[in-house]
Structure formats: structure tokens, C-alpha cells
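Here is the structure we will look at, set down as C-alpha cells.
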Amino acid sequence: MTEQKSFSGRYFEDFQANQVIYHAGALTATEGMATLYRVLSGIRFPTQCAEPFARALGYRDCPLDDVLVFKIAFGQTVADISMRAIATLGYGGCVFGEPVYSGDTIQSETEIISLEPGPTKDVGLVRVHTTGRNQHGAMVVSYYRWVTVRRRMPATVTAVLSADSLPPPVSAEQIQGLDGLSMRNYDTRVSGSQHLWEDYEVGERIDHVVGCTIEESEAMTAARLYQNVAPPHYDAHFMSSTPLERRIAFVGHIVGLTRALSYNGLGNVFRMASIDRARHLQHTFPGATIYAWTEVVEKLAIPGSTDIGALRLRSTATKNQPCGDFPPAPAAGQPGDVLLELDYIGLIPRRTTKA
Amino acid sequence: MTEQKSFSGRYFEDFQANQVIYHAGALTATEGMATLYRVLSGIRFPTQCAEPFARALGYRDCPLDDVLVFKIAFGQTVADISMRAIATLGYGGCVFGEPVYSGDTIQSETEIISLEPGPTKDVGLVRVHTTGRNQHGAMVVSYYRWVTVRRRMPATVTAVLSADSLPPPVSAEQIQGLDGLSMRNYDTRVSGSQHLWEDYEVGERIDHVVGCTIEESEAMTAARLYQNVAPPHYDAHFMSSTPLERRIAFVGHIVGLTRALSYNGLGNVFRMASIDRARHLQHTFPGATIYAWTEVVEKLAIPGSTDIGALRLRSTATKNQPCGDFPPAPAAGQPGDVLLELDYIGLIPRRTTKA
Amino acid sequence: MTEQKSFSGRYFEDFQANQVIYHAGALTATEGMATLYRVLSGIRFPTQCAEPFARALGYRDCPLDDVLVFKIAFGQTVADISMRAIATLGYGGCVFGEPVYSGDTIQSETEIISLEPGPTKDVGLVRVHTTGRNQHGAMVVSYYRWVTVRRRMPATVTAVLSADSLPPPVSAEQIQGLDGLSMRNYDTRVSGSQHLWEDYEVGERIDHVVGCTIEESEAMTAARLYQNVAPPHYDAHFMSSTPLERRIAFVGHIVGLTRALSYNGLGNVFRMASIDRARHLQHTFPGATIYAWTEVVEKLAIPGSTDIGALRLRSTATKNQPCGDFPPAPAAGQPGDVLLELDYIGLIPRRTTKA
């Protein structure tokens, strides 16, 4: 008898601690991909959209949007890690490395960090660390993720899951990807915002004002752009027989929209240095309109850099709920309109360098 | 207290006559953008789709479609000019300059020409002139637009608006962008039409036959392609509370579809030289099927050119109404199926040069 | 009176046997096109997605997906051949030639092979042979198609149509496009499948597991990507007055999805060498979820090649019907969920070369 050729994903029992999985699906970035991401997310940051602007900062071309890079390195893991997942409980500790340009090829691998009992006997908890690299082997993105995965056989024990085991927030010392950059020629006329690092205050809250509705077709196209193959994003027939009844948008798409909406108020945050943590509070169904607001959590000086500062930010994205009054995430288990809390570090020019 | 970081657009009182606004959002054209525009609009003109054909005419690559260039230079102005607009009353006097190729970066600025009382006390009329340039500073598109913008405070006077203050139609002498072009190698087999400048007659009417339905997702993608950030195109939640109840398609998308549909009957109109005037008669909602027909208004010889002629054309686009009987625009205030009257100059080879 | 400028397609009487029609609509392939095809079809084969992988096999870049090349050369013929068609009864005998890369320009021409009575007096049967070439004149795809086309005047005779006149399946000797290729550096970690030519057995059946739902917007975008201009794919207003009531997805899109889904189980089938025959059993309407399974029909050695083998495959695509139990096509005239039977030859590395 011939061996089974197709693959339906790993059960919990199929993982081994410390195992390293090399993911199929290496993907060469193209200008088409950058453009398609632009029209799906609505990003308008000039570093990612205007080549002369990017070159003036020291990039050799427009780098791909950071969230796009993250999502590709996430999508590449889905077939191996989460095809039989119940849920991604969280991800974070994400650091961005070398910029990715059109023509670069992204390939990912994942180390299984730990295997633990899950909250029910039917699932186990898998903690992983994924690294995306370019064709030269340089790290472009590195992140942690933990996910509950179906077991073949029920377990004898369960565990209460805690978010405490999240990696700590990324520190200023861990920030990468600044080599060769200079803010000397940063042109705020092109970014459309006059507000630099010095102008933001800890505790300041920024409404990003404009909302954006998600469509079925677009959510599916976005998921495919990142090579995410999980059926809940594609297969309406399958989903109609589940309690959710319909397809759900890939959580990564909500992260991308949130970053894109933040342009209005954070127009000079030219790149993300980290995603400390993304907390998805509920599923997002196509048809929802996404709004967002951001709080400045911390201002970070970057060791060795006089012209680039960092802001630790928490963006909150809602559905069908404008954010003029800064709606907070409800307590765990309470209903609400908040879809996402996104903690990240944004890079922004320092004013002192413009003197 | 910190300064407000996000921006919700200018009120009428925020504009000053003769003010020049440098718009954020410089955008580098990519092949991805050209391809995406092709699949959203359906354009099939070989100058924009087939590189060997474009090179044979003297272009150094396929130029971006003219309507796409116009829409980018329009989209870039929205955040500064029309976020608080009630309506764009019209635009025209549009001249195309240097061709735009993949790799070129488009950046726009707008001069405020005049500020006048509006038709109600709540709005004022803003007339502007926008110029889009490439990275070398060369003009790629230049156009006029007038728009009613909300006032902070009600005005004491109102005015009856008239279309008479439109710029005059663009003349043959104003046509640009012909340097280095030759029709010697124009291959009508590739364009699919045998009809050149001599074959069209003033008063001739051409049905473009095939219709095209607009989808929500596509209209939104198109608006993002042009960086148009106006909420009526994206925000279904917001629109559900307005009298329109739902999102509307960006008027520029209707212009693009009309030009694309015109290929069937005007297959050798290889570029647009002007948009004299676009008159949008009603909102277009996704779900509508667009049809179009065109009348030849004037035949223009171009000073100094023996192998390129110009046709002044008026295209009429309808919704859910095939155009075999050439439906005219109804009188002002009358209901009807006409969405758009588009007056423009098209460039087309002259037969005499084929001898 | 001026000549009719627009074109509504040929009637049966407008064709002549042995006539060769040079199609308008030459199209330059772009990276944007490849990316857009990737996100519309979901293809994940690394030859088409990862440039270093493609180069390691001897390609000079990622070649365009074979189905995309076929669909472009199909779409280019629609205006000339099938605008007045009732139905494409079948196509096949399709051979792929030179790989197509971004920057290449595809142009097609069609020879009318025969004109015969149709199954009713209102239509005639047109058999054609289409060849797509690149800008150097090299064949990139060649295929046969037969289609029933409306007559201007009813015929006096009809004929019972038979599928027997299909071209024979493509033979191993007819396989093209292998020049300069070597499997020496084929990396199965990147393809994600360990299964090579030796591992497949005649009669083996493979469920591709994951399904994919088609959206209106996406189906329309896909049809435009291939320059297919047939109104049933675009014009919802027109279709609402037909017995079908709504738009149908372009059959070529179903072929593309089927090939893309086959990645799960046939991950090393790096290119298609032929499409022997595609049999479409019913219309596909947006909203359907497509599943697929494949049977290995024959294992072919390729003359002169020691490291590339060929598999003759039959893929069956269904709507809203997972394929774990390998649903067969029903007998002619019987209802069922099968949309497509696709017979083709796939190229796959031979294990012996890895020694």
C-alpha cells in the first residue's frame, strides 16, 4: 500500500520538544506583493510606499511593511503547526531584523519550545519560536507563539493557562535593523505629520479617526497573500457546519489594518521594531468596520542612536465602534467591541537631529 | 497638554486663497500597481499592457494608464482638501504631461484658487488647482477641481453655483507628452482595431457594448490603490448612519471603467491627452453594472504632428442600462440611469502616416 | 455612413475553415501578475513562488504558473472566437513550451480547423487550434478547443456531437520545456513533500483535503487577469435576464484552483507538461467551495531524461463536497457535485537522481 500523500496537520502527539521544523513555502517578495498589501491594508507610510523617501533614510529600496513580513513568516508555519489547532492563544516577543526588499526570499523555521497540558483533555499547549530568514540566512523576523492543538487521545491531566509565561516586552537593546539609517533627510512633508519623538508623551492617547470595513473577498485574498492555509479563512462550506457558521478573518489581517490606520496620528513611525504582544479578544467576521486608537506607553532612547527614538505603543482595535472616546478592552470574559490589543515598539525620528 | 496628533481634515475656514498645499503620500508606481489597475478596470489598450508595443511607439516601457495617474494625483489630495467635503462639484481642465513608468514617484501639490460662498450657509466653495509631478519635478498631470466644504460657523451669505466657471476645454495647442513618439510602427493587429483618426466623424456615436458590474470589495480596493482615504468608500458602519446608508464607489473608478470599456470601438485611442470635464450625475453603489457609449465631438489636428491626431470625445456611462440606443444625460434634476459624462481628448494615429 | 466601430463577436457564418486569426491583446507578464495569480488561486509550488528554488532547477527566474499562461492564451481568443458562443464543449491537446517569465509578452493566434453542424439548428460547431507565443516567437502554449457558436441564420442540418474527436492524450515524446533543467539541487524541504516519481502508483487516489470558496469579486478579478472579456463573467445586469440569473465563474479559474489545491499531495509536481483534456460538467457560481482529488492514471518515462519523470493525472473538482471518499463524475446527464475532470501530465523529479 502506498504512503499517504496529502497532509492534514500535526496532532499534539506529533510534536516533540526541541524539535526544529523547516517550513515549506519559501516565498520571494515582489513589488506586486508590496502593492497588493498596500491596497488590502491601506498603509500609507512613505518608507514603504515612496522609494526616494526610503532611499533618503538609507534603505536601498522601499522595505516591505513589517506586519507583512511577520504575517508571511506566520503563514508559512500554519500547515506544520496549527492546521489542527483550536486557537492561537497569543504571540509576541517578535523582533524585526534585516529589512526585506522585493527580490528577497523569506523562509521560516520553528523550534518547539515546550509541550504542556491544555485547558481541556482534548488539547495540548504547544509553545514555539519561529525565525524567518532571507536568502542570505539573515534573520528578518523572530517571534514566539503558543497555541492549543488537538490531541489524538484525551490527556489525563489539564492545566489552567496563564498569560504570565509570555516573553517579556522587547527592550531598547534588542532593537535591530538600524544599520546605515540616517534621519538627516527625513522629510515630514512627505510623511504628512510634523510630530516626532519629542512630541509624544507617555499616557497620550491618539484616535486614528477613520474606519475601514473588511470584505469576505479581501480577507481571503489577504490570507492567501501571507500563505496562510487554515480552512477557517477559505472554506465557507466547512465553516457553515461549525458553531461560528462562517469564515473568519485571519488575525494577522487585523494587525495589518490597525498598523495602517495608525498612520493618522503616528505618521512618522516609519517602522516597527517589535510586536511585544498581540491579544485577539474575539473573532473578526467580514462585514465588520475596524477602528483603532493608540496609547503611548513608554518613550525609549535607543543605545547608540541619536536620531532615531522609539515609542512603546498599545493600539486597540474595535469593530463598528469609533474610537473618539478611547474604548478600553473589557475585563476577560466580558463582551465588548474590542478585537485586538497590539503592543509594539515603533521607530520615529528624533527632533534633535533636525537642527 | 499635548498637541492633537491625528487629523480629520480642513473646514472651509482653514483654507486661504493662494495657499499652496504640499500633499503627503508620495507614491512610487510599480508593475504591481499597473497590473492591479488592469484587473480592476479591465483596460486592454496595448500601450498600457504590452511592452514591445509601447516601445515601438517610442515609450521606454508601458506607461501607466492616464486615468490611474489622474486618480493617484486626486487621491493624494483627499486628506488635505476634501475630508470634510460635502461633494466634489466637478473637475476638469486636466492635462497629462510626462508619461509615468513603473519606478517613477508621483507627488502632488494644490493651490487654492478661490474661496466663495456655497449654495447653503453650512458650506463654502473651494476651487483648487492640483499638479502631480514625478521624481524629477516634471508635471505628469494637472487639473482643476471645485468642491463644497463644511464650515465651522454658518456663513451669512450663499451663492447660486454655476458650471460656467469651469476651465475651457483643453485645446490642441495644450496637448503634451508627445515628445519622441512615432506612429510608424503602430500595429493595429495588436490593438485589435483598424479604425484610425480619419475613420471617425464628428457626431458619430459608438456603443461600447459590454457591461461590467462593480463589487464592494473591488471598489474599496480601487479607492485604496489611488490612496483615496475618504470614509464613504471604506466605512460601512459610518455610512449606515447616513442617508445614503451604504458605501459609494469612488467617482474616479467610474472614470476608469468608462475609459476601459471604450476600448471596444476606440481601440486605437492609445492615450488620453486631457480630461476636459467629468460630470458625475449621481452616486454609484456597488452592485451596479456600468455600460458606456461615446460621441465624437471634434476632430483636432495637433500642431507639429503629422502622425498623431486627436479626437474630442464625450463618453456617457450608465448603470444597468445597455447603451445600444445611446441614452443621453437627463436634464438637471431629472432622474435617470446616467452616472457620468466624461469629456476628454484622446490621441490616435493618423492614417496618412501608414503610407 | 461611417463604419461600425465596436465589435460584438463573430457568428458561426463569420468563420472560415483554415482561417488564421491573429488576436489583439498582447500582454506583458509582470511580477504583479504572478503575485495576483498566487493570491487568487492559492498556488504554493516553490518553482512558481521562490526564485532561488527555481534557479536551482535551471530556470532563470520563477516561471509563470502554467495554468495562468494557458488562461491568458485562452482569454486573448474570447473576443474573436467565443463572444457569441453558447458553450465551450471542451478543450485539450494542450502542450506547454517555453517557460514564461515576468517581462515576456504573450500573444496568441488561432487557426479555424473545422466548421460543422451543431446539436441544434441555431448553432454551429467550431473547432480551433490556438498557439500562444512569447516576444521571440517561441511557442509557450498550444491547445485545441471546440465551441458551439450562434448562427445568423438557422441551419438545415444538425449533428450529434461526440467527444471522440478530441485530440489524443499528449504523449511523453511531445513533452517540451525541459531544456537546461536539472533536478540535482531539487530541495524537498522547500516543496514540503518527500514524494517523488517512484513513490506514486498507478491507480493511487489522493485527497487534497482543504477546500476553497470562490467569491464574486475574486472570480471577476481572475477573469480580467486573463483578459477574458465574456459578459457572463462580468455583467450581473445582463445575466439577471438569462436562465442562469447570475454571473458564472470562468472555467479557467476552476482549473487554476484545482491545480493549486493539488499541492497538498502532489507538492513536487513542479510544472504541468500538458492539459490533455478539461471536462467541465456544470457551471460554477460564486459562493461555491471547491474541493479536489486526483488519481494517478499512468507513469511516464520521458525520453532522454533521467531525473524528471511524468505522471498522467486525473483531478476531479467538486463543489461543497469534500473529497475524502473520492467522488467520481456522474454519468452524463446525471446530477452531481462534480464541476471538473482535468486530465493532465505533471512533471516530477525522479528519486534515482538524488543518489
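Things to note:
- Sequence-separation-based contact order of chain C, relative, with Cα cut under 8 Å and 6+ spacing, percent: 19 percent
- Centroid-to-centroid separation of segment A:222-268 and segment C:198-277 [C-alpha atoms, Å]: 23 Å
- Over 25 Å between alpha carbons, listed pairs A:Lys5/A:Lys71; B:Lys319/C:Lys121; C:Lys121/C:Lys319; B:Lys71/B:Lys121; B:Lys319/C:Lys5: A:Lys5/A:Lys71; B:Lys319/C:Lys121; C:Lys121/C:Lys319; B:Lys71/B:Lys121
- Derived scalar couplings between HN and Hα for segment A:132-137 equal x, 10, 8, 5, 9, x Hz in order, rounded to whole Hz, by the Karplus curve 6.51 cos²θ - 1.76 cosθ + 1.60 (θ = phi - 60°), x for Gly and Pro.
- Legend: Rg and Dmax of segment A:271-345, from Cα coordinates, 14.5, 46 Å.
- Of C:Asp80, A:Asp179, the order by accessible heavy-atom surface (1.4 Å probe, DNA, RNA and ligands excluded), from most exposed downward, is A:Asp179, C:Asp80.
- Nonlocal amide H pairs with A:Leu89, under 5 Å, H built at 1.01 Å: A:Trp146, A:Val147, A:Thr148
- According to the calculation over all Cα-Cα pairs in segment C:61-219, the P(r) per 10 Å bin from zero is 8, 27, 31, 24, 8, 2, 0 %.
- Both radii were evaluated on the Cα set of segment B:203-286; the Rg over Rh quotient, with Rh as the Kirkwood radius, amounts to 1.03.
- In Hz, Karplus ³J(HN,Hα) per residue of segment B:108-124 (6.51, -1.76, 1.60; θ = phi - 60°; x = Gly, Pro): 10, 9, 10, 9, 7, 7, 7, 10, 9, x, x, x, 10, 6, 7, 10, x
- In this view, the solvent-accessible surface of A:Phe238, computed with a 1.4 Å probe and all protein chains in place, comes to about 90 Å².
- Using a simple spin-label model with pseudo-atoms 7 Å out from Cα toward Cβ, C:Phe285 and C:Ala301 lie 5.1 nm apart.
- Amide hydrogen proximity for B:Met83: with H placed 1.01 Å from N in the peptide plane, the residues at 5 or more positions away or on another chain lying under 5 Å are B:Arg10.
- Mean silhouette area of segment A:225-355, derived from the convex hull of its C-alpha atoms and averaged over all directions, reads 10.0 nm².
- A 1.4 Å probe, protein heavy atoms only, puts the accessible area of C:Ile86 near 90 Å².
- Shown is the FRET efficiency for A:Thr352 and A:Arg60, computed with R0 = 30 Å from the Cβ-Cβ distance and rounded to the nearest 0.05: 0.70.
- Environment charge at C:Pro232 (Cβ cut-off 15 Å; Lys +1, Arg +1, Asp -1, Glu -1): +2
- When the surface is traced with a 1.4 Å probe over the full set of protein chains, A:Thr105 keeps roughly 10 Å² accessible.
- Derived scalar couplings ³J(HN,Hα) [segment B:219-235; Karplus, 6.51 cos²θ - 1.76 cosθ + 1.60; whole Hz; x for Gly, Pro]: 5, 6, 4, 4, 4, 6, 4, 8, 6, 6, 10, 5, x, x, 8, 10, 9
- Derived value for the protein assembly as shown: Kirkwood hydrodynamic radius 30.2 Å. Basis is the mean of 1/r over every pair of different alpha-carbon atoms.
- Built amide H within the under 5 Å cut-off of C:Gln321, gap 5+: C:Tyr291
- Accessible area in the full protein assembly, largest first, 1.4 Å probe, for C:Arg189, A:Arg44: C:Arg189, A:Arg44
- Relative contact order of segment B:26-109, defined on C-alpha pairs under 8 angstrom at six or more residues apart (%): 48 percent
- Relative contact order of segment C:217-355, defined on C-alpha pairs under 8 angstrom at six or more residues apart (%): 25 percent
- Full-stretch length increase - A:Glu13, A:Thr120 - with 0.36 nm per residue and alpha-carbon distance subtracted: 37.0 nm
- R0 of 25 Å, Cβ-Cβ distance A:Gln4-C:Asp187: FRET efficiency to nearest 0.05: 0.70
- With every protein chain in place and a 1.4 angstrom probe, the accessible-area ranking of C:Leu340, A:Leu181, largest first, reads A:Leu181, C:Leu340.
- Label spacing, shortest first and in nm, from B:Thr158 to its equivalents in the remaining copies (7 angstrom along Cα→Cβ): 6.7, 6.7
- With a cut-off of 13 Å between beta carbons, the residues surrounding B:Pro328 carry a summed charge of -1, where Lys and Arg count +1 and Asp and Glu -1.
- Averaging Cα coordinates gives a centre for segment A:1-46 and one for segment C:85-160; these two points are 38 Å apart.
The values are calculated or read from the model by the stated rules, or taken from the named source; none is laboratory data. Predicted model, so just to flag it, every value in this text is computed and none were measured. Don't worry about glycine lacking a Cβ; one is built from the backbone with ideal geometry, like all the others, and counts go over all protein chains shown. Ligands, DNA and RNA are stripped out before the accessible areas are found, and what is left, the full protein with its side chains, is counted by its heavy atoms. Shrake-Rupley method; radii C 1.70, N 1.55, O 1.52, S 1.80 Å.
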